[in-house]
1. Using beta carbons and a limit of 8 Å, which pairs, at least six apart or on different chains, have the first residue in the range A:47-69 and closer than 19 Å to A:ILE130 by Cβ and the second one part of a strand (DSSP E or B) and among the small types (Gly, Ala, Ser)?
2. Search the range A:109-124 for residues being under 16 Å from B:THR24 (Cβ atoms) and of a type in the set (S, T, N, Q), and hand back the single one that is surrounded by the most Cβ atoms within 10 Å (Cβ to Cβ).
3. For A:SER137, are the conditions met, namely being touching a Lys or Arg at 6+ places or on another chain (Cβ under 9 Å), in contact (Cβ under 8 Å) with a residue 12 or more places away in the chain and exposed (fewer than 15 other Cβ atoms within 10 Å of the Cβ)?
4. I'd like the residue in the range A:91-108 that is buried (at least 18 other Cβ atoms within 10 Å of the Cβ) and modelled with pLDDT of 90 or more and, out of all such residues, is farthest from the other protein chains (Cβ to nearest Cβ).
5. Just checking, which of B:ALA89, B:ALA38, B:ALA52, B:ALA78 is surrounded by fewer than 16 Cβ atoms within 10 Å (Cβ to Cβ), of a type in the set (Gly, Ala, Ser) and at pLDDT 90 or above?
6. If A:ARG133 satisfies every condition in (1) farther than 23 Å from A:SER67 by Cβ; (2) modelled with pLDDT of 95 or more; (3) not hydroxyl-bearing (Ser, Thr, Tyr) but one, which is the exception?
7. Name the residue, out of A:VAL13, A:VAL26, A:VAL19, that is buried (at least 18 other Cβ atoms within 10 Å of the Cβ) and either polar (S, T, N, Q) or free of Cβ contacts under 8 Å to residues at least 24 places away in the same chain (or both).
8. With (1) under 26 Å from A:THR29 (Cα atoms); (2) aliphatic (A, V, I, L, M); (3) in contact with a helix residue (DSSP H, G or I) (Cβ under 6 Å, 6 or more places away or on another chain) as the list, and A:MET63 as the residue in question, which single condition is left unmet?
Amino acid sequence: MSETKKEDMRVLVVDDNLVVRKLIEVNLTNMGFKTIDVAANSQEAQDKIEAAPYNIVFLDWNMPGKSGYALMQEYREDRKYDTVAFVMVTAESQERYVREAVKAGATSYITKPISPAIFQDKVERVLEWIDNRVNQSSQSG
Amino acid sequence: MAMKDIDKVRGEVATLVSQTVRETFQTMFGQNVQRHEAGWTGGEFSENAVYASIRLHQGDESVEFCFRFDFNLLLQAAELIFSKEYLDATPVHEELASEIANIVCSKVKAFLNEQGFETEMGFPFIPRPDENPLLSSGEMIHMHFYYPGPGGENDIGVSVNLFVDGKPVVRS
């Protein structure tokens, strides 16, 4: 179990589809998260991420305009976002997409249709990843 | 492989569409939607249908999936995640229809590409009211799914049609 308190975490959900944003928000609320913001496209996401940091960012892989995948790649090149967990959300379930996402720096990968049980399990693992990253960061810093 | 060769794997595509439609409604909304195989004797499709389409393209060829959803089926799903007040103020049915179409077509795209096609998928769109994709000629797949409707009887909840598009490919 993660040491991270869910109610203290800031989460951003980025998806062009209103229903997906709401489904993820409902799942997060059920898990105890309190601060959940949403963005309908990459530009809106960038504005929010750069205005105030988030602990977890859920990103739709395919969106009109800049894709969530491209957005994640940009942030992964900036050390400032090393402890931010980027979770790719997509209907693409082929193994090569999962490998590609992880290679590009995704912390986790959730496939649609979103199952609440699998979603919660993956988010718990993401919280453990954040714990480890924060610990590593504080030790090296 | 040319897009028209999808006809050679239409049985597998139909099975995959059927599995994914059922799985999507069950997993996301806990709704039991079943494929109608033959001899339909249930209720009628609601006049209040919601459409969503997606094109798969390969080079200049394309095929189009058209989904038609019963308004009440989508309303049941929406009520599980949105408050009544929100739904009264914000129409979400087309967003819901688009997302289900997106999930189903992503699985089909993955299957086709494993078979040697090199398809790409466009974003979901809502067909214009004057278009009637479900009646288009050259259809490859046409199927219905039913669900327990608001009156307690089985109603047709989803229709899916796959046909050779023939329209110029518009890349997004």
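1. Note: pairs meeting the criteria are A:LYS48/A:ALA39; A:ASN55/A:ALA85; A:ILE56/A:ALA85; A:VAL57/A:ALA85.
2. Within the range A:109-124, the match that is surrounded by the most Cβ atoms within 10 Å (Cβ to Cβ) is A:THR111.
3. Details: touching a Lys or Arg at 6+ places or on another chain (Cβ under 9 Å): no; in contact (Cβ under 8 Å) with a residue 12 or more places away in the chain: yes; exposed (fewer than 15 other Cβ atoms within 10 Å of the Cβ): yes.
In short, no.
4. A:THR107
5. B:ALA89
6. So A:ARG133 meets the others, but not (2).
7. On the way: A:VAL13 fails: either polar (S, T, N, Q) or free of Cβ contacts under 8 Å to residues at least 24 places away in the same chain (or both); A:VAL26 fails: buried (at least 18 other Cβ atoms within 10 Å of the Cβ).
Answer to the check: A:VAL19.
8. Failing condition for A:MET63: (3).
The values are calculated or read from the model by the stated rules, or taken from the named source; none is laboratory data. Everything numeric in this text was worked out from a predicted model, so none of it was measured. Here Cβ is always computed from backbone atoms with ideal geometry, including for glycine, and neighbour counts include all displayed protein chains.
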